[in-house]
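Engineer: Quick one: this structure, given as structure tokens, is what I'll be asking you about.
The values are calculated or read from the model by the stated rules, or taken from the named source; none is laboratory data. Everything quoted here is computed from the prediction, not taken from an experiment. Cβ sites come from the backbone with ideal geometry, for glycine too, and all protein chains shown count toward neighbours. Calculation scope for accessible area: heavy atoms of the full protein, side chains included, ligands and nucleic acids excluded. Shrake-Rupley method; radii C 1.70, N 1.55, O 1.52, S 1.80 Å.
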Amino acid sequence: MEKRALGSLQVSVVGLGCNNFGMRCDAEQSSVVVHAALDAGINFFDTADVYGGTRSEEYLGQALKGHREDVVIATKFASPIDKDPLHRGASARWVNEAVDGSLRRLGIDRIDLYQQHRPDADVAIEETLEALEGLVKAGKVREIGNSNFSAEQIAEADAISKKNGWARFVTAQNQFNLLHRQPVQDLLPACVVYDLAVLPFFPLASGLLTGKYRRGEASPSGTRLAGMNEEMSARVLSDRNFDQLDFLEGFASAHQHSLLDLAFAWLAAQPAMGSIIAGATKVEQVKANAAAADWKLTGAEVAEVTAGLEEIRLAAKS
């Protein structure tokens, strides 16, 4: 599989999101999914201390035993991992405590990519970056990244790191997919300017871009959207979204591909794109996600897809 750079790291263009581990996947199934990813050429595994009540890191670490030199492991800090108000945020104290917890649960001595899961309004970013610089110097972390940061926050963090000669963020992980394209306007330009690789989460829009949901039909049992309340479900399964899906399915079919293939191919063709992080609970999902990376869209095809979606968006607003 194609590899792309995250700072000094080389990762597969499709990664495995491990947010299902410890929730929808027990330890055994998590291992099955991880090994399917390895077999498919995926070497990038993204988790967080908060996923599965900290079990995701444990299950991922167990599944990757014997493969440490072949993989890139990313995790995150800052989200609350339990009810203790001290076990969250981006203070220097918690950064140093949280990293040791993640290292222990993963069963490794160094995290390849350590990411701030969300901005912390109560802590100056300079404090966080100084603490992360200490982790890099201590050899506990190779590269650092951010998640859910705005373009302005990315610019501020980069300026502080450069001023002090500290490790700088090399990745930005934000929600980004064919139905949520706002990052094209703000996040992507900032990542190009400051040389960050984008790690889109929810690339399949909670399953909407898999083709499993149909207009006017109930969500299939066991799917993510089937568990949503009625109001949220109506918002996601809107006529505008289905209009977009109809257009996208038509485009993909005309090119002998699936809607899922297009979801990955369009993201992979965006500027500053690093690895497309997709969660999975089954081997078949891992294989389909990995295979989708084979479709390379031309610039003209990317523009055609984007223009078609924008036309639908504008029509819905008029």
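Engineer: Compute log10 of I(q)/I(0) for the range 1-117 with the Debye formula, placing one identical point scatterer on every Cα and leaving out solvent, at q = 0.09, 0.19 Å⁻¹, to two decimals.
Structural biologist: -0.22, -0.97
Engineer: How high is the FRET efficiency between HIS180 and ASN229 when r is their beta carbon distance and R₀ equals 25 Å, given to the nearest 0.05? Can you show the working numbers first?
Structural biologist: Details: r = 20 Å, r/R0 = 0.80.
Given R0 = 25 Å and the Cβ-Cβ separation, E is 0.80.
Engineer: Next up: Quote the Stokes-Einstein diffusion coefficient, in whole µm² s⁻¹, for the range 87-200, based on the Kirkwood radius over alpha carbon pairs, a temperature of 37 °C and a viscosity of 0.692 mPa s.
Structural biologist: Details: Rh = 14.4 Å.
Translational D for this selection: 228 µm²/s.
Engineer: Hey, got the dipole for the chain? About the Cα centre, +1 on K and R Cβ, -1 on D and E Cβ, debye to the nearest 20? Show your work: numbers first, answer last.
Structural biologist: Details: 32 positive and 42 negative charges, 62 e Å.
The dipole of the chain has a size of about 300 debye.
Engineer: Assuming R0 = 25 Å, what is the FRET efficiency of GLN10 and LYS137, from their Cβ-Cβ distance, to the nearest 0.05?
Structural biologist: Numbers: r = 23 Å, r/R0 = 0.90.
It comes to 0.65.
Engineer: Among the lysines, which fall within straight-line cross-link reach of LYS212, defined as a Cα-Cα distance under 22 Å, with same-chain neighbours fewer than 8 residues apart omitted?
Structural biologist: Here the lysines satisfying the reach criterion relative to LYS212 are LYS282, LYS287.
Engineer: Based on DSSP, what percent of beta bridges with both residues in the chain are antiparallel, to the nearest 5? Mind dumping the intermediate values first?
Structural biologist: Working: 5 of 32 bridges.
Counting only bridges with both partners in the chain, antiparallel ones make up about 15 percent.
Engineer: For the chain, what percent of Cα pairs sit more than 30 Å apart? Could you put the intermediate results ahead of the total?
Structural biologist: Details: 16722 of 50403 pairs.
Percent of Cα pairs beyond 30 Å in the chain: 33.
Engineer: Taking the highest mean first, how do the peptides 197-207, 138-148 order by number of other beta carbon atoms within 10 angstrom per residue? All intermediate terms of the calculation are to be shown ahead of the outcome.
Structural biologist: Details: 197-207: 22.6, 138-148: 20.3.
The most tightly packed comes first, giving 197-207, 138-148.
Engineer: For the residue pair LYS163 and VAL302, what label-to-label distance in nm results when each label sits 7 Å from Cα along the Cα-to-beta-carbon direction?
Structural biologist: Placing both labels 7 Å beyond Cα along the Cβ direction yields 3.4 nm.
Engineer: Which helices count as membrane-span-like in the chain under these terms: full DSSP H, at least 24 Å along the axis by C-alpha, Kyte-Doolittle mean of -0.5 or more? Numbers along the way, then the final one.
Structural biologist: On the way: long enough: 299-317 (27 Å, 0.29).
Span-like helices here: 299-317.
Engineer: For the range 170-318, just list the percent of Cα-Cα distances falling in each 5 Å bin from zero outward, please.
Structural biologist: The calculated distribution, bin by bin, is 2, 9, 18, 22, 21, 16, 9, 3, 0.
Engineer: With +1 assigned to the C-beta of every Lys and Arg and -1 to the C-beta of every Asp and Glu, and no other charges, what is the dipole magnitude of the range 169-249 about the Cα centre in debye, to the nearest 20? Mind showing how you got there, number by number?
Structural biologist: Values: 7 positive and 9 negative charges, 31 e Å.
Dipole magnitude for the range 169-249 comes out near 140 debye.
Engineer: Can I ask one more? Over the chain, average the accessible area per residue using a 1.4 Å probe and give it in Å², no decimals. Let's see the in-between values first.
Structural biologist: Working: 13950 Å² over 318 residues.
Value returned for the chain: 44 Å² of accessible area per residue.
Engineer: Right, next: Using a simple charge model, +1 on the beta-carbon of Lys and Arg, -1 on the beta-carbon of Asp and Glu, nothing else, what dipole does the range 161-318 show about its Cα centre, in debye to the nearest 20? Don't skip to the end; give the middle numbers.
Structural biologist: Working: 15 positive and 16 negative charges, 119 e Å.
Around 560 debye, computed over the range 161-318.
Engineer: Evaluated at 37 °C with a viscosity of 0.692 mPa s, what Stokes-Einstein diffusion coefficient in µm²/s does the range 17-85 have when Rh comes from the Kirkwood expression over alpha-carbon pairs? List each step's numbers first, then the result.
Structural biologist: Working: Rh = 12.1 Å.
Using the Kirkwood radius from Cα pairs, D works out to 271 µm²/s.
Engineer: Another one. Report the one residue of VAL236, ALA197, ALA269 whose Cα lies farthest in the direction of the positive end of the charge dipole of the range 182-318 (charges on C-beta: Lys and Arg +1, Asp and Glu -1; origin at the Cα centre).
Structural biologist: VAL236
Engineer: Consider all pairwise Cα distances in the range 127-177 and report the whole-number % of them above 16 Å. Don't jump to the answer; show the numbers that get you there.
Structural biologist: Details: 491 of 1275 pairs.
Cα-Cα pairs in the range 127-177 separated by more than 16 Å: 39 percent.
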